[in-house]
Every structure is written in C-alpha cells, then in structure tokens.
Amino acid sequence: MKDMRDFIQAAEKEGQLKRITAEVDWNLELSHIAKLNEEKAGPALLFENVKGYKTPVITSVCTTTERLSLIMGAPIKSSLVDLMRFWVEKSNTLIPPKFVDKSKAPCKQNIMKGSDIDLFKFPVPHYYPKDGGRFMGTAHFFITKDPDSGWVNLGTYRAQLLAKDRIGTQFIKGKHADIMLKKYAAMNKPMPVASIVGCDPLLFLTGAARISAFVSEYDFAGSVRGEPIEVVQGETVDLPIPAHAEMVIEGFVDAKEFMDEGPFGEYTGYYSGVGTDKRNYEQVTCVTYRDNPIYWGTTVGKAVTDTHMTMALSYGATLWQQLTVGMKIPGIKAVYCPPEGAGRFLAIISVKQMYPGHVDQVATAAISTEMGAYGLKTVIVVDEDIDPWDIPRVLYALSFRFQPNRCQVIKRGRSTPLDPSLPIDERDITGRLLIDATIPYEWKDKPIPVELDPDIVKKVLGRWQELGF
Ligand SMILES: Cc1cc2nc3c(=O)[nH]c(=O)nc-3n(C[C@H](O)[C@H](O)[C@H](O)COP(=O)(O)O)c2cc1C
Ligand SMILES: [Mn+2]
C-alpha cells in the first residue's frame, strides 16, 4: 500500500468502504454522518459530492480493527492485540525512506504558490457545533526536522483553517514538534513544516504514535511496509515529503507569532481551547496536490472514533514494547490500553508473577515509559490467567483480588492539557493510581480457586446430548 488510493481499493474489495453520492454539506452535516456511522462501527465513507466542491472527502478510515489490519498489512480478522504484537515486532527494525525524483512524485502534479494559495479550495469540514472554525488538519500530520541532528519527525497535531494561507497548530508542550520549535526559536529562525493531508494511512498511524524521540516515524513505517517509504524534496522547505500524498501544505511556523485557535471537539469528548488560547500557526508558502485529490478528515470527538482506535493500537503497542524490549521486564503476558480511554489514560497489564514486588515493578515501570510518563493516569495489573482486554475478567479481578491498601497513589506526573478531569488552568501535572488486582506472590497461603473436576467434566460432556442439551 503506497497511498490513499490503494487503501480505498483494498477497503472496497473487503466491503469496508461506502461511497456516498448524495450531496452533503461540509458544514456539520458531513461530520455528523461520519460520527453516527462510526458509532455503529460502519464502513469508511467516501463523500463524492460535497456541496460546493469537486474534491471528495474520506472519513472513518481507522475506526475498526478490520481497517487497521488492512492498513498494517495484517490478516483482516486480526484483533487489536494481534496488531499490537505485530507493531512490537516491526519496531525492532527500522527502514529509512528513499528519495525519488519529482517526476515520479504524484504529489507534485499541481502546485500553488504566492497569491494563488487558497486553502478554501478544499472541502475542509466543520466538525462540531462549538468548534472555532473548519479544521484542515485532523487525519494529517506535520513533518518537521530537528535542526541539530536532522531527525525527521511526523506528528499529528490538529490544524485549524485560519486563513487562505494559514493553518493553526497545537504542539502540546514536550511533543516532538514543540521541542524542535523551541530550538528554531533559540536560533531566531522560523521552523520549516509540511502538513500532509491524504496519504498511505499508515503514515497517519505513525504520526499519532508515540515513537521515541530521535527515531523517525518514516523509518518505523518503512519497517511495517518492508520497504522504504518513497519521499520527495519539498518545493519551499527542506523536508522529505511522501511522494504519493494527496495534498501537501508547506510553510513555516514562527515561534514568536500567535493567532487565536480552537476550540475543537477533542478525543476526550470535550472541547479544548475554549476561550482565547493563542497558538503559533503555519504561514503557508506552497501547496502541492495530486490530480483529482482526495481530502482526508477524521471526527476526533467522543470515544470511539479513529483517534481512539489509532491510539489504542499504537500507544498500547509502544507501552508493551517499552516494558518488554526496552526495559526487559520478565513475565509480561500482555498489555492493553482500551480505546474507550483513547489508549492513553488507562492501561491494563497482565503479568506472570515471578518474585515479590514484581507487580509494583511493572506498575511503576509503566508510568515511567515514554508512553506512560505522559498522561497515563491509571495502571491495573492483573495475573497471567486474565487477558487484559477481557474486561469482564478484569472487573472480576478488581472485585476479588484487588485490595485498596495495595494501591499506590503517585502524586505528580506529566499531564495532558486536554484532560477534562483537571481544572482548565491546572493541567500540567496529574496524579496516578497504580492498582494491584493480583493475588500477592509472597503469600504462603493463597486462596484456593474453585475448579471443576476434569474427569467429571469429561464424563458429563460425554452425556451432554443424553441430558437434553
Ligand atoms: C486526530 C488526532 C489529533 C491530535 N491532535 C493533537 C494536537 O492537536 N496536539 C498534540 O500535541 N497532539 C495531538 N495528537 C496526539 C499526537 O499525535 C501524539 O501525541 C503523537 O505522539 C505526537 O507525535 P510526536 O510523538 O512525534 O510528538 C493528536 C492525535 C490524533 C490521532
Ligand atoms: Mn515523534
């Protein structure tokens, strides 16, 4: 899979995509159709007739495990956990991207520069009633480059359509683009950026993933694809651009320049940026796009949407990988970060205990990984006989194995400013709760589980029909 067109073809073949030919308004109507469809776990939607525009809009690309499997190149019936295992495997190797000539890069088929630039030429949706405007970049990512090391980052950060040649940014403190922007600011230079709208959906998954600092998301994507991602030099910025992208918005972010941005209906189910938040913005220098481009958007909003599925996959996999491959902690059976918690606020980890304190090690390690150190609030550790995605069994453990006195409250940790459980002006720091829902390893007298006698089970199953079942 090289681009969005390959995805559309594959999804259509699997009955995972629906074309909508009736006219639909970009103003609220399109997003509401998409959201209601997502709540029913419906197909990806290709809106072919958006009021006032020729360009089609695709939504709901990542909402189901079937479509995540198609994107990852895994068997279509894979579960989220199968995909997480696959992700962990692929993160052990990295394949850097490969530059191709501009003539082989469809993203260069059309080029707008200078006064020709007009982002209103694209059918950018207005998603939720109280959004501050239309959001150009939702299922997109910004490409940036570290001025010191040359490390190229792909990061998904929302981008509001602010003017015909401006889009907003929301680089939350400590995100890779924020770290880079501060370096450019110290050098008194604006930061070159490119926003990519519509491409191989895998690149969006990686843009939203918590790949470690100094590792390029391109290299991880190359590993998943088993071959280098094809990139091409930007027109006005020195950045590698996905050659098969539908739309590329090149420009600069000046750390000293601000505009009003937001609010936006975020993945927490609440608006963020309420009031007069000022943010840096991208001043656009060039827009390139394919012939008959396809615009890609996503609803974000209340769980469960593309955002939650994407994060549950990539954040869960990253946590798993960091605990096992990174920290080499023994006994980790599985990790699950439920989509309902956007894969980031709640983690459930199943462990085969091997020594006293093992559970505490796992729980404190989880909140210290790159993934867990940012905003993870609750860690539940269960014994190896419980699959962490089997929520009824997790509730069982929380009822019969959990003891409040074995919980630990961590008072301070890095938070996300989007967490609605904290007061709006005090969201830098969060508390954390580590829940031990296991039977302690060191107990000599462990509770004796009630199990059926295997011989009798065999015998009654042999009589099953006779018994009238
Ligand atoms: C649809 C969507 C929108 C997002 N919007 C933002 C945003 O506005 N700001 C932000 O800092 N993170 C946002 N995120 C989360 C980041 O993509 C995520 O933290 C990622 O790790 C950032 O890349 P980085 O690790 O290279 O900084 C969003 C994720 C998704 C899926
Ligand atoms: Mn990154």
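What follows is calculated from the coordinates using simple rules that are stated; it is not laboratory data. Note that this is a predicted model, so its numbers are computed, not measured. So basically every Cβ, Gly included, is an ideal-geometry build from the backbone, and we count neighbours across all protein chains shown.
Odds and ends about this structure:
- As a proxy for reagent exposure, ranking S31, S368 by other Cβ atoms within 10 Å from fewest up yields S368, S31.
- Separation of the stretch 15-50 and the stretch 143-180, taken as the distance between their Cα centroids, equals 28 angstrom.
- In the stretch 327-437, the ratio of gyration radius to Kirkwood radius, Rg to Rh, stands at 0.96 when only Cα atoms are counted.
- The simple spin-label model puts a point 7 Å past each Cα toward its Cβ; for K130 and L395 those points are separated by 3.0 nm.
- Net charge of neighbours whose Cβ lies under 12 Å from the Cβ of V359, counting Lys and Arg as +1 and Asp and Glu as -1: -2
- Computed from Cα positions, the angle between helix 306-321 and the longest principal axis of the chain comes to roughly 60 degrees.
- Here is how the number arises for the chain: DSSP H runs of 4 or more residues each give -39500 (n - 2.57), the sum is divided by the residue count, and the result at 222 nm is -7000 deg cm²/dmol.
- Spacing of the two label points (7 Å from each Cα toward its C-beta) at K189 and K446, in nm: 5.9
- Each 10 Å bin from 0 upward holds the following percent of the Cα-Cα pairs of the stretch 381-469: 13, 25, 26, 18, 9, 8, 2.
- Considering the stretch 219-272, its Cα convex hull presents a mean projected area of 6.5 nm².
- Each label was represented as a point 7 Å from its Cα along the Cα-to-Cβ direction; for K18 and F99 these points are 4.6 nm apart.
- Here the stretch 1-129 was treated as a single set of alpha-carbon atoms; its pair distances binned every 10 Å from 0 give 11, 30, 33, 23, 4 percent.
- When both bridge partners sit in the chain, DSSP labels roughly 70% of those beta bridges antiparallel.
- Three-way shape call for the stretch 79-296 based on the alpha-carbon gyration tensor, with the a/c threshold at 1.5: rounded
- Packing rank of 126-132, 444-450, where each peptide gets the mean count of other beta carbons within 10 Å, highest leading: 126-132, 444-450
- Contact order relative to length of the chain, as percent, for alpha carbon pairs under 8 angstrom and 6 or more apart: 15
- Neighbourhood charge, 15 Å Cβ-Cβ cut-off, centred on L94 and excluding it, Lys, Arg +1 and Asp, Glu -1: -1
- The Cα center of the stretch 395-469 and the Cα center of the stretch 327-360 differ in position by 11 Å.
- Overall dimensions of the chain as given by Cα atoms, namely Rg and Dmax in Å: 23.7, 84
- Coupling constants for the stretch 395-412 follow from the phi torsions by the Karplus curve (6.51 cos²θ - 1.76 cosθ + 1.60, θ = phi - 60°), and in residue order they are 5, 4, 5, 5, 8, 10, 10, 6, 9, x, 5, 9, 7, 10, 9, 9, 7, 9 Hz; glycine and proline get x.
- In this structure, Y53 and I76 have a Cβ-Cβ separation that, at R0 = 30 Å, corresponds to a calculated FRET efficiency of about 0.40.
- Cβ-Cβ distance of N110 and N27, R₀ of 30 Å, FRET efficiency by 1/(1 + (r/R0)^6): the value works out to about 0.75.
- Most tightly packed first, judged by the mean number of other beta-carbon atoms within 10 Å of their residues, the peptides 10-20, 301-311, 319-329 read 301-311, 319-329, 10-20.
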